[in-house]
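None of the figures in this text is laboratory data; all of them are computed from the coordinates on show. None of these values were measured; they are calculated from a predicted model. Cβ: placed from backbone, ideal geometry, glycine included. Neighbour counts: every protein chain shown.
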Amino acid sequence: MLRGQGRLAAERSEEAEIDLAEAVKIAQRNADRPNFWKASYWLGRVFEQRLQYERALASYRVAALTVNELAMDIEDDRYREPFLAQPEVREVLARHERLQKEVGRKVGTTLPR
């Protein structure tokens, strides 16, 4: 995943997409939900950088849903609230919400969540 992030920063989006798609597959195969949402989020960043907003939204949706699942699994508010307050987690949720509104406006309807 780090290699994909580095390639994205270096504007080598094709290589970043390959690395991050592989990270998504590995995390999914290993049922590693924390790395799954992170890799999905970064893959969304690749698509957003390329102005492929619908693909970015799909990746952000997967990341946001996974973050919300993880939060629901935390029964104690003392731990759930700090999890949701992490900057990385807030960024995922904010990008998903923002892009959902933008893509919905472009197609003339609101997409389902």
Between GLU75 and ARG105, what is the label-to-label distance in nm when each label sits 7 Å out along the Cα-to-Cβ direction? 4.3 nm
Gain in length, ARG50 to GLU11, computed as 0.36 nm per residue apart minus the alpha-carbon separation, to one decimal in nm? 13.1 nm
For the chain, averaging the sequence separation of alpha carbon pairs under 8 Å that lie six or more residues apart and dividing by its residue count, the contact order in percent is 18 percent
So how do 36-45, 55-64 stack up, highest first, on mean other-Cβ count within 10 Å? 36-45, 55-64
Per DSSP H run of at least 4 residues, take -39500 (n - 2.57); add these up for the chain, divide by its residues and hand me the 222 nm value, nearest 500 deg cm²/dmol. -27000 deg cm²/dmol
Which helices of the chain meet both criteria: a Cα extent of 15 Å or more along the helical axis and a mean Kyte-Doolittle score no lower than 0.0, with helices taken as whole DSSP H segments? 53-73
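To the nearest 20 Debye, how big is the dipole of the stretch 1-108 about its Cα centre, given +1 on the beta carbon of each Lys and Arg and -1 on that of each Asp and Glu?
Charge dipole of the stretch 1-108: 360 debye, to the nearest 20.
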Taking only Cα atoms of the chain, radius of gyration then Dmax in Å: 14.3, 41
